[in-house]
Structure formats: C-alpha cells, structure tokens
Amino acid sequence: MDVATALAELAAAGSEQTRKTYLRHGAPEPLFGVSFAALGALTKRVRVDHDLALGLWATGNTDARTLAAMVADPARLDEVTADAWASSCRYHTVSDLVAALVARAPIAIDRMAQWVASPDEYVARCGWGVMANL
C-alpha cells in the first residue's frame, strides 16, 4: 500500500462525529476522525510497513500518524526518526502509540533515558510511556 491509498482509505473511514470527539480531546488538525476499530482493521491488512509509516507521518495528519505508529517496524526505527516523532507529537494518543513502538525497538532504553528528562511535556510523556511499556 502507498501513502495516497492509505490516506484515501483513512478519509473514507473517517466520520464527522469521531472527528469532533478527537478534536474535543485535543487531537490536532488535520484529521479524518477514524475510529480505532477501523485503524485496527487497516493495521491488520498493512501489517508492518516501515516505509509506509514514514510517509504517513510526513503528512502531518493525526489519523495518518496514528496508523504510522501502528505499522512502523521497531527493528528499523532509528534515533533520529524516534526523536522527530516524539518531538512532533502534540496529542496524547499518538504520544502513547509512539512510546509503545519505541519500547519494542532496540533503542528503547536510550530514548527513554533521554526523553524523561525533556522539558517538552509530550517528549517526556513518550519517555515515561516507553518505561511503562517496558
């Protein structure tokens, strides 16, 4: 699957009601309002696709970033990407998914140690999330 196809599927799966709920809970725009049930089904189809994950993250769309954290390959996750993702998280759900991904990566302990001391609340949340997942 490529990024354009994934975005089209996310857009089709989104609903205005879910979008409003996510916005009320702090999700940044742009977003489609895709339920976690639909994201889970899409994740099962995609499985692990690190290149797709990188492309999805680059879109800046909250639903795409959520899916990216779900399909990224922890074995291929490097420190530069993990740091960029953690520092660009501005929504607790995505922060928690990034933390869960990093916790499965070889870089987990190092990133956790760096992130928990961060003055950026979302980066620190990722660090504490890695610790909780470990």
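The values are calculated or read from the model by the stated rules, or taken from the named source; none is laboratory data. In this text, all values refer to a predicted model and were calculated from it rather than measured experimentally. Don't worry about glycine lacking a Cβ; one is built from the backbone with ideal geometry, like all the others, and counts go over all protein chains shown. Side chains are part of the model used for accessible areas, which takes the heavy atoms of the whole protein and leaves out ligands, DNA and RNA. Shrake-Rupley method; radii C 1.70, N 1.55, O 1.52, S 1.80 Å.
Would you call Leu97 touching a residue at least 60 places away in the same chain (Cβ under 8 Å), within 24 Å of Arg125 (Cβ to Cβ), in a helix (DSSP H, G or I) and within 12 Å of the chain's Cα centre (by Cα)?
Judged against the criteria, Leu97 is not a match.
Across segment 19-40, what is the total count of residues that are part of a loop (DSSP other than H, G, I, E, B) and either free of Cβ contacts under 8 Å to residues at least 12 places away in the same chain or not aromatic (Phe, Trp, Tyr) (or both)?
Residues in segment 19-40 being part of a loop (DSSP other than H, G, I, E, B) and either free of Cβ contacts under 8 Å to residues at least 12 places away in the same chain or not aromatic (Phe, Trp, Tyr) (or both): 10 in total.
Go through (1) open to solvent by less than 20 Å² (accessible area, probe 1.4 Å); (2) closer than 30 Å to Gln114 by Cβ and name the single condition Val34 misses.
The failed condition is (2).
Under the condition of being charged (D, E, K, R) and within 15 Å of Leu52 (Cβ to Cβ), which residue from segment 67-101 is surrounded by the fewest Cβ atoms within 10 Å (Cβ to Cβ)?
Here the residue is Arg76.
Hey, any hits in segment 52-66 for a residue that's in a loop (DSSP other than H, G, I, E, B), of a type in the set (Val, Ile, Thr), open to solvent by 10 Å² or more (accessible area, probe 1.4 Å) and under 18 Å from Ser88 (Cα atoms)?
Yes, some residue in segment 52-66 is in a loop (DSSP other than H, G, I, E, B), of a type in the set (Val, Ile, Thr), open to solvent by 10 Å² or more (accessible area, probe 1.4 Å) and under 18 Å from Ser88 (Cα atoms).
Within segment 104-128, work out how many residues are open to solvent by less than 30 Å² (accessible area, probe 1.4 Å) and either under 19 Å from His25 (Cα atoms) or within 13 Å of the chain's Cα centre (by Cα) (or both).
2
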